[in-house]
Amino acid sequence: MEEKEFKRLLLKAESYCVRGEKAPLDVVRKLESWSEGTIDQNETDLIIARLMEEKYLDVERYVSAFISDKVKFNRYGPIKIRYALREKGIDDSAINDALNNVEEEEWIEILTALLIQKQRSIRTDNPYEIRDKLFRSAYSRGFPSTLINRALRRINMDEVDDMD
C-alpha cells in the first residue's frame, strides 16, 4: 500500500475514533471497508497500534463506556453485556475487570426497577405465572438467576420461590 493511502486511512480512522469510543475490531472492519479489501494485516495492525499509542483507541475506556451505556439505557445484565463485548473482540480479562467495577447492589436496583415496570404490564392474577414471566424477562436481559431471585424477593414475589 502506498504511504499516501496509509495516511488517508489513518486520518479517517482517527476521525472515526474521535466521534465516540470504538472497539479495535470496529476500526479494523471500517479500515477493510474503506480500503475495499486492499489493506493487509500488517498495515491494519500498524494503524491500530498507532491509534492506541495516541489514545484514540483505549480498550479499557471503551469497555467502561459500553457497560455504562448498556446498563443505563438498555438495562442489560452482566451476562448479555459480556456476550456483546466478546462479539466486539474484547478479551475476557478486560470484561471481567470492568464488570467487577459495577456493584452487585447496582445490578439488583436496576433489575428491581425493571421487574416492577414489567409487572405492571402482566395481565394475570396467578402468582406463579407472574413470577415466571418476570423471571424470563429478566433472564432474557442477561441477568443471572441469583440476582433475579434476589430482585423478585424485593418486590414480594418470594412466596412462590420454590419454582427454580
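Quick notes on this structure:
- Hey, K72 open to solvent by 30 Å² or more (accessible area, probe 1.4 Å), part of a helix (DSSP H, G or I), at pLDDT below 95 and not assigned by the TED database to the domain that holds K7 or not: yes
- In the range 39-73, the residues that are in contact (Cβ under 8 Å) with a residue 40 or more places away in the chain and farther than 28 Å from E3 by Cβ: R61, Y62, A65, F66
Matching residues to (1) buried (at least 16 other Cβ atoms within 10 Å of the Cβ); (2) closer than 15 Å to I81 by Cα; (3) hydroxyl-bearing (S, T, Y):
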position	(1), (2), (3)
T112	yes, no, yes
I116	no, no, no
E129	no, no, no
R136	no, no, no
S145	no, no, yes
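- Looking only at the range 147-160, and only at residues there that are in contact (Cβ under 8 Å) with a residue 40 or more places away in the chain and outside any loop (DSSP other than H, G, I, E, B), the one that is surrounded by the fewest Cβ atoms within 10 Å (Cβ to Cβ): R154
- Given (1) in a loop (DSSP other than H, G, I, E, B); (2) open to solvent by less than 90 Å² (accessible area, probe 1.4 Å); (3) at pLDDT below 95, index of the condition E106 fails: (1)
The values are calculated or read from the model by the stated rules, or taken from the named source; none is laboratory data. It should be emphasised that the depicted structure is a prediction, and the values quoted were computed from it without experimental measurement. Please note: Cβ atoms are built from the backbone with ideal geometry, for glycine as well, and neighbour counts cover all protein chains shown. Side chains included, ligands, DNA and RNA excluded: accessible areas come from the protein's heavy atoms. Shrake-Rupley method; radii C 1.70, N 1.55, O 1.52, S 1.80 Å.
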